[in-house]
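Reading through the structure tokens given below for one structure.
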Amino acid sequence: MSQNPPSLRPDLAPRARIDEPAREGQPRIGMVSLGCPKALVDSERILTHLRAEGYAISPDYTGADAVIVNTCGFLDSAKAESLDAIGEALRENGRVIVTGCLGAEPDYIRTHHPQILAVTGPHQYEQVLDAVHTAVPPAPDPYIDLLPASGVSLTPRHYSYLKISEGCNHACKFCIIPDMRGRLASRPAFAVMREAEKLVEAGVKELLVISQDTSAYGLDLKYAEEKGHRAHITDLARDLGSLGAWVRLHYVYPYPHVRELIPLMADGLILPYLDIPFQHAHPDTLKRMARPAAGARTLDEIAAWRDICPDITLRSTFIVGYPGETEAEFQTLLDWLDQAQLDRVGCFQYENVKGARSNALPDHVADEVKQDRWDRFMVKAQAISEAKLAAKVGKVMQVIVDEVDTDAATCRTMADAPEIDGNLFIDEGFEGLKAGDIVTVEVDEAGEYDLWGKVI
């Protein structure tokens, strides 16, 4: 049982979980999945293809015939983490295939690790499979491996990420994701629904909708309707809500049409939870970022959402120490946070990343100033979180059980996404609970980021 501290990297996916037996003589592939939930979905798709071709998935280096490292290239610190993971896989196994966002810079990777077997870019599934086939030829058992199978999941069985689009049409100066993953490319709504239906049929209780820009879903398809499902986020959310699982929306930009989603939350069709990357509140900072929002208008939007759905939970991420950020601009952000009273907040210290236009901006902020602002920001966010959680003591709510050990059941409320938000712990009368159960609890204690409760 562990409490949730504020993360230094609030973009990270949950830890990948692999626990699959292998038959004798079956070729085995290991997987290290880094970065955000979108990358985790890519890892799941790669492993699903490999399993259908007769490969087993190894949970460790020593049992694998080769290891795939799915990398992150979002920040320079993430690139360093990816290089370290590649190096570790080479030391422990020796046969390594690299894919993912950092794979868009093959020369950079090979400069540091020339002995890797192959490098492919993000969501290049076929090239990854070709590299695996070359390194470790498949040896399928046609009576077992080639039968239709459910997909490989790297998350617990009771929740799953559902990726609805790739790429992004924004041109934020600090971000290189569009350069690595391309422009917006939405999946047809009927295909998303077919995957969601299969997941729910397999026992998934919570669908976490992800993309680079969830609000823009379907724009590239001109919101086309096909096979009874329209490619628009409001229609998709309504359709997903009909499946009976919790539906949680991530990476929602605050476009005006987001208001159309809030009544669905008020009606209980989807979870009253919005993950919106505001990034900053001062208009000059946002302009230097090339962000399409303004702090004052955003406060009006937040007030409108809360009028429609008073129980809505708002999560966001921010960047402090962006080039040119003055003390006055940072203070505006703190004041805005006081007014917005967001429930869940993550924060990055600005980093240069190769290829980002923000690198060329003047007046970069010193590292010690960035650290000081991050500390002050998190103190403010923690105080807001603590007060909001304290107000929940005595309330009755539904929670989903993530894990049960000898000390307690670790659960989440509707206000908590896996890994990045808080937990609710049940430390008495939890013995009959199991992962995936949805139970009703009364909250009897609150901390800075987590709650405690008892089953009713």
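The values are calculated or read from the model by the stated rules, or taken from the named source; none is laboratory data. Here the structure is a predicted model, which is why all the values come from computation and not from measurement. We place every Cβ from the backbone using ideal geometry, glycine too, and count neighbours over all the protein chains shown. Only protein heavy atoms, including side chains, enter the accessible area calculation; ligands, DNA and RNA are left aside. Shrake-Rupley method; radii C 1.70, N 1.55, O 1.52, S 1.80 Å.
Could you order S316, S33 by accessible surface area, starting with the largest, using a probe radius of 1.4 Å?
The most accessible residue leads, giving S33, S316.
How big is the antiparallel share of DSSP beta bridges in segment 166-274, given as a percent to the nearest 5?
40
So which trypsin sites (Lys or Arg not before Pro) in segment 158-192 pass both tests, a DSSP loop state and at most 14 other Cβ atoms within 10 Å of the Cβ?
Qualifying residues, ordered by number: R183.
Roughly how much of W336 is accessible, in Å² to the nearest 10, using a 1.4 Å probe?
10
Whenever you get a sec, line up C175, C347 from highest to lowest accessible area (probe 1.4 Å, protein heavy atoms).
C175, C347
Only four residue types carry charge here, +1 at the Cβ of Lys and Arg and -1 at the Cβ of Asp and Glu. Report the dipole size of segment 69-200 about the Cα centre in Debye, rounded to the nearest 20.
Using only the charged Cβ atoms, the result is roughly 380 debye.
Counting only protein heavy atoms and a 1.4 Å probe, tell me what percentage of segment 88-232's accessible area is made up of carbon and sulfur.
Carbon with sulfur: 52 percent of the solvent-accessible area.
Which are the unpartnered cysteines of the chain, meaning those with no other cysteine Cβ under 4.7 Å from their Cβ?
C36, C72, C101, C168, C309, C347, C411
How big is the antiparallel share of DSSP beta bridges in the chain, given as a percent to the nearest 5?
Bridges in the chain that DSSP calls antiparallel: roughly 35 percent.
Round to the nearest 0.05 the FRET efficiency obtained for T406 and E445 when R0 = 25 Å and r is the Cβ-Cβ distance.
0.80
Lys and Arg at +1, Asp and Glu at -1: add these up for the other residues within a Cβ distance under 11 Å of P272 and post the number.
The answer is -1.
What is the calculated FRET efficiency for K395 to L219, with r their C-beta to C-beta distance and R₀ = 56 Å, to the nearest 0.05?
0.90
Please list 3J(HN,Hα) in residue order for segment 413-423, calculated via the Karplus relation 6.51 cos²θ - 1.76 cosθ + 1.60 where θ = phi - 60°; whole Hz, with x for glycine and proline.
Once rounded to whole Hz, the list reads 7, 5, 8, 10, 7, x, 6, 8, 10, x, 10.
Suppose we keep just the DSSP beta bridges with both residues in segment 318-424; what percent of those would be antiparallel, to 5?
Within segment 318-424, antiparallel bridges account for around 65 percent of the total.
Kindly write out, for segment 305-315 in residue order, the coupling ³J(HN,Hα) from the Karplus curve 6.51 cos²θ - 1.76 cosθ + 1.60 (θ = phi - 60°), rounded to whole Hz, with x marking Gly and Pro.
Per-residue couplings from phi come out as 4, 5, 4, 7, 9, x, 8, 4, 9, 10, 10 Hz.
Collect residues whose amide H, placed 1.01 Å from N in the peptide plane, falls under 5 Å from the amide H of V345; neighbours closer than 5 in sequence don't count.
Under 5 Å from the amide H of V345 lie the amide H atoms of S316, each far enough along the sequence or on another chain.
When the accessible area of segment 273-409 is split by element with a 1.4 Å probe, what percent falls to carbon and sulfur?
Summing carbon and sulfur atoms, their accessible area is 51 percent of the total for segment 273-409.
Tell me whether segment 286-373 comes out rounded, prolate or oblate; compute the Cα gyration tensor, take square roots of the eigenvalues as a ≥ b ≥ c, and use a/c under 1.5 as the rounded threshold.
prolate
Quick one: grab the alpha carbon gyration tensor of segment 21-173, order the square roots of its eigenvalues as a ≥ b ≥ c, and give me rounded if a/c is under 1.5, else prolate or oblate depending on whether a/b is larger than b/c.
It is oblate, given that a/c is not under 1.5 and a/b is not larger than b/c.
GluC sites (Glu not before Pro) within segment 393-456: which are DSSP loop residues with at most 13 other Cβ atoms inside 10 Å?
Those that pass, being in a loop and sparsely packed, are E428, E431.
Determine the sum of side-chain charges near P122: Lys and Arg each +1, Asp and Glu each -1, restricted to other residues whose C-beta is under 10 angstrom from that of P122.
Combined, the nearby Lys, Arg, Asp and Glu give 0.
Restricting to DSSP H runs of at least four residues, report the calculated mean residue ellipticity at 222 nm for the chain, -39500 (n - 2.57) per run over all residues, nearest 500 deg cm²/dmol.
It comes out at -9500 deg cm²/dmol, rounded to the nearest 500.
Under a Cβ-only charge scheme (Lys and Arg +1, Asp and Glu -1), can you give me the dipole magnitude of the chain about the Cα centre, in debye to the nearest 20?
Charge dipole of the chain: 1200 debye, to the nearest 20.
Would you please give the residues with an amide H less than 5 Å from that of E105, counting only those at least 5 places away or on a separate chain, with H modeled from the backbone geometry?
Excluding prolines and chain starts, which carry no amide H, there are no hits.
Can you tell me how segment 307-456 classifies by the Cα gyration tensor, rounded, prolate or oblate, using a/c under 1.5 as the rounded cut?
Here segment 307-456 falls in the prolate category.
Determine ³J(HN,Hα), in whole Hz, for all residues of segment 156-173 in sequence, where each value follows from phi through the Karplus function 6.51 cos²θ - 1.76 cosθ + 1.60 and θ = phi - 60°; x replaces Gly and Pro.
Each residue of segment 156-173 in turn: x, 5, 8, 9, 8, 7, 10, 7, 9, 7, 10, x, 7, 9, 6, 10, 4, 5 Hz.
Starting from the residue with the highest accessible area, list Y108, Y273, Y449, Y253 in decreasing order, probe 1.4 Å.
My answer, sorted largest first, is Y108, Y449, Y253, Y273.
Accessible area per residue for the chain in Å², computed with a 1.4 Å probe and the full protein assembly in place, what is it?
Value returned for the chain: 42 Å² of accessible area per residue.
Using amide H atoms built 1.01 Å from N in the peptide plane, name the residues 5+ places from L451, or on other chains, whose amide H lies under 5 Å from its own.
Hits under the 5 Å cutoff: N423, L424, F425.
Residue farthest toward the positive end of the dipole of the chain, with Cβ of Lys/Arg at +1 and Asp/Glu at -1: which of A224, F318, V252?
A224
Given a Förster distance of 60 Å, report the FRET efficiency between A383 and D130 from their Cβ-Cβ distance, rounded to the nearest 0.05.
0.70
If you stretched the chain out fully between K227 and R91, how much longer would it get, using 0.36 nm times the residue separation minus the C-alpha to C-alpha distance?
Fully extending the segment from K227 to R91 adds 44.0 nm.
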